[in-house]
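K.L.:
I have a structure I would like to understand better, so I am pasting it below and will then ask my questions one at a time.
The values are calculated or read from the model by the stated rules, or taken from the named source; none is laboratory data. Predicted model only: the values in this text are computed from it and were never measured. Positions of Cβ are backbone-derived with ideal geometry, glycine not excepted, and every protein chain shown enters the neighbour counts.
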Amino acid sequence: MTKTARAFTNIALIKYWGKKDQKLKLPYTNSLSLTLDRFYTDTSSEIIDSSKDIIYLNDMLLNEEQSKRIIKYLDSTRKKYNFSEHFKINSVNHVPTSAGFASSASGFAALAASIDQTMALNLDKSQLSILARRGSGSASRSIYGGFVEWIAGDNNNNSFAVPIDENPDIDLEILSAVINKKAKKISSTSGMEKSVETSPFYPNWVKLVSSETNEIKQAIKQKDIQKIGEIAEHNAMSMHALTLSAKPSFTYFEPETVEIIHLIQELRQKGILAYVTIDAGPNVKILGTHKSIEQIKSYLNNLSDVTTVVANIGHGIQYF
Ligand code: PMV
């Protein structure tokens, strides 16, 4: 019977922003994330008697153009593990309607886990993380639950994620504020490239990530949510400073993004525990406690064009 692999998405508290090797997807720095329980991808793969892969996403057959990235990934996996089988892949994203999360992290983690199962490759979790990384950098971290660090490494075999605390006993929640607006897309790959090549601040970013990674690991150990939030927010803003200082300058922020950043700063002054983090898009993720997230939700629901989804801490890869 075909098994399904489930991978949850993750939100980086210390961002991955810049590759030192494009092809292998080796990052310049470590990064650190929290796996979330609300958003996941279920993927199954079946060997077929064909020289072509067939890919279904959300029950829809993808055409050649749409399946290009996945087929390229399967080709490189066949080469690496020396097999020639082709597959019917069935991948379903369980992400509340436009929750503002990129599905590439959960998507490639679930695909890697599914191929490992179907081909009985018996990969250990580090090898699985490497395989997921080759699809999308952030997918390397979705192999584990809870707090996860991706160690940058300097070659294909030593760039993988490690768990920091898979089941943290901490009152931390993430609220995703989705801005219902079609923004112009700059892919993370292209945004990273422009930042690395043209931002004068990039060398400082590399130093900053190193110190903030150490600091946030301390804060995680001490279950200090305020400190975790402060570091995560500063790190996200520093990442976006790289886009603003690129030549030519660009930004993922929309007016509503800035509006929410200001709102969270005001709420903080009123004593509500809340910090923001933002990825390569306009949506804002807010870190807080169960109590503070409930309060923030009511403020955000007053804004037009914004919807909210709350997530808790999620698991690593599962099979069923
Ligand atoms: O994995 P990618 O190529 O989609 O890049 C992810 C980049 C960020 O989401 C902005 C940061 C991160 O570490 O997840």
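K.L.:
Given segment 18-66, what strands (runs of 3 or more DSSP E) lie entirely inside it while holding 1 or more residues that are touching a Leu at 6+ places or on another chain (Cβ under 6 Å) and farther than 28 Å from residue 151 by Cβ?
P.N.:
Values: elements: 19-21, 31-48, 54-57.
Those strands (runs of 3 or more DSSP E) span 54-57.
K.L.:
A further question follows. Which one of 43, 35, 77 is among the polar types (S, T, N, Q) and within 16 Å of the ligand (Cβ to nearest atom)?
P.N.:
Details: 43 fails: within 16 Å of the ligand (Cβ to nearest atom); 77 fails: within 16 Å of the ligand (Cβ to nearest atom).
Just a single option satisfies the conditions, and that option is 35.
K.L.:
Exactly one of these conditions fails for residue 24: (1) at pLDDT 95 or above; (2) touching a strand residue (DSSP E or B) at 6+ places or on another chain (Cβ under 7 Å); (3) surrounded by fewer than 20 Cβ atoms within 10 Å (Cβ to Cβ). Give me its number.
P.N.:
Every listed condition holds for residue 24 apart from (2).
K.L.:
If we scan segment 137-155, do we find a residue that is crowded, with 24+ Cβ neighbours inside 10 Å and over 24 Å from residue 17 (Cβ atoms)?
P.N.:
In the first step, residues of segment 137-155 are kept if they are crowded, with 24+ Cβ neighbours inside 10 Å; the result is 137-144, 147-148, 150.
In the following step, the residues that additionally are over 24 Å from residue 17 (Cβ atoms) were identified as none.
Checking segment 137-155: not a single residue is crowded, with 24+ Cβ neighbours inside 10 Å and over 24 Å from residue 17 (Cβ atoms).
K.L.:
Hey, among 120, 161, which residue is assigned by TED's automatic domain parsing to the domain that holds residue 103 and touching a Lys or Arg at 6+ places or on another chain (Cβ under 6 Å)?
P.N.:
Numbers: 120 fails: touching a Lys or Arg at 6+ places or on another chain (Cβ under 6 Å).
One residue alone meets the criteria, 161.
K.L.:
Which residue, of 197, 230, 215, is over 22 Å from residue 169 (Cβ atoms) and acidic (Asp, Glu)?
P.N.:
197
K.L.:
Exactly one of these conditions fails for residue 213: (1) over 20 Å from residue 288 (Cα atoms); (2) hydroxyl-bearing (Ser, Thr, Tyr); (3) under 19 Å from the mean Cα position of the chain (by Cα). Give me its number.
P.N.:
Every listed condition holds for residue 213 apart from (1).
K.L.:
Residues of segment 70-129 being in contact (Cβ under 8 Å) with a residue 60 or more places away in the chain, surrounded by fewer than 17 Cβ atoms within 10 Å (Cβ to Cβ) and of a type in the set (S, T, N, Q), which ones?
P.N.:
Hit for segment 70-129 is 98, nothing else.
K.L.:
May I ask you to list the residues in segment 288-320 that are small (Gly, Ala, Ser), surrounded by fewer than 16 Cβ atoms within 10 Å (Cβ to Cβ) and over 18 Å from residue 276 (Cα atoms)? Working first, answer last.
P.N.:
Taking segment 288-320 and keeping what is small (Gly, Ala, Ser), we get 288, 292, 298, 304, 311, 314, 316.
From the residues that got through so far, the ones that are surrounded by fewer than 16 Cβ atoms within 10 Å (Cβ to Cβ) too are 298, 304.
Matches in segment 288-320: 304 only.
K.L.:
Would you confirm, using the coordinates I've provided, whether residue 273 is assigned to a strand (DSSP E or B), hydrophobic (A, V, I, L, M, F, W, C), farther than 30 Å from residue 3 by Cα and not assigned by TED's automatic domain parsing to the domain that holds residue 13?
P.N.:
Details: assigned to a strand (DSSP E or B): no; hydrophobic (A, V, I, L, M, F, W, C): yes; farther than 30 Å from residue 3 by Cα: yes; not assigned by TED's automatic domain parsing to the domain that holds residue 13: yes.
So residue 273 fails the test.
K.L.:
What number of residues within segment 123-162 are part of a strand (DSSP E or B) and more than 16 Å from the ligand (Cβ to nearest atom)? Outline the logic, then answer.
P.N.:
First pass over segment 123-162, keeping only residues part of a strand (DSSP E or B): 147-151, 160-162.
Pick out the ones that are also more than 16 Å from the ligand (Cβ to nearest atom) and you get none.
Going through segment 123-162 one residue at a time, the tally reaches 0.
K.L.:
Within the bounds of segment 278-300, is there any residue that is within 17 Å of the chain's Cα centre (by Cα), of a type in the set (Ser, Thr, Tyr) and within 30 Å of residue 109 (Cβ to Cβ)? Before you say what the answer is, go through the steps one by one.
P.N.:
In the first step, residues of segment 278-300 are kept if they are within 17 Å of the chain's Cα centre (by Cα); the result is 278-287.
In the following step, the residues that additionally are of a type in the set (Ser, Thr, Tyr) were identified as none.
No: segment 278-300 contains no residue that is within 17 Å of the chain's Cα centre (by Cα), of a type in the set (Ser, Thr, Tyr) and within 30 Å of residue 109 (Cβ to Cβ).
K.L.:
Quick test of your reading of the structure: residue 93 fulfils all but one of (1) closer than 25 Å to residue 163 by Cβ; (2) modelled with pLDDT of 95 or more; (3) not in a loop (DSSP other than H, G, I, E, B). Name the failing condition by number.
P.N.:
Evaluating residue 93 over (1) closer than 25 Å to residue 163 by Cβ; (2) modelled with pLDDT of 95 or more; (3) not in a loop (DSSP other than H, G, I, E, B) leaves (2) as the failure.
K.L.:
Given the conditions (1) farther than 17 Å from residue 104 by Cα; (2) in a helix (DSSP H, G or I), which single one is not true for residue 71?
P.N.:
(1)
Rundown of residues vs (1) within 16 Å of the ligand (Cβ to nearest atom); (2) assigned by TED's automatic domain parsing to the domain that holds residue 198; (3) in contact (Cβ under 8 Å) with a residue 12 or more places away in the chain, yes/no style:
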position: 13; (1), (2), (3): yes, no, yes
position: 21; (1), (2), (3): yes, no, no
position: 27; (1), (2), (3): yes, no, yes
position: 55; (1), (2), (3): no, no, yes
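K.L.:
I'd like the residue in segment 62-98 that is within 19 Å of residue 2 (Cα to Cα) and aliphatic (A, V, I, L, M) and, out of all such residues, is nearest to the chain's Cα centre (by Cα).
P.N.:
So the residue we want is 92.
K.L.:
Additional query: State all residues of segment 183-215 that are within 15 Å of the ligand (Cβ to nearest atom), of a type in the set (Val, Ile, Thr) and assigned to a helix (DSSP H, G or I); if no residue qualifies, say none.
P.N.:
If the condition is that a residue be within 15 Å of the ligand (Cβ to nearest atom), of a type in the set (Val, Ile, Thr) and assigned to a helix (DSSP H, G or I), then 189, 196, 206, 209, 213 are the ones that fit.
K.L.:
What are the residues in segment 74-86 that are polar (S, T, N, Q) and assigned to a helix (DSSP H, G or I), if any? Working first, answer last.
P.N.:
If we filter segment 74-86 for residues that are polar (S, T, N, Q), which is where we start, we get 76-77, 82, 84.
Within segment 74-86, 76, 77 meet the criteria.
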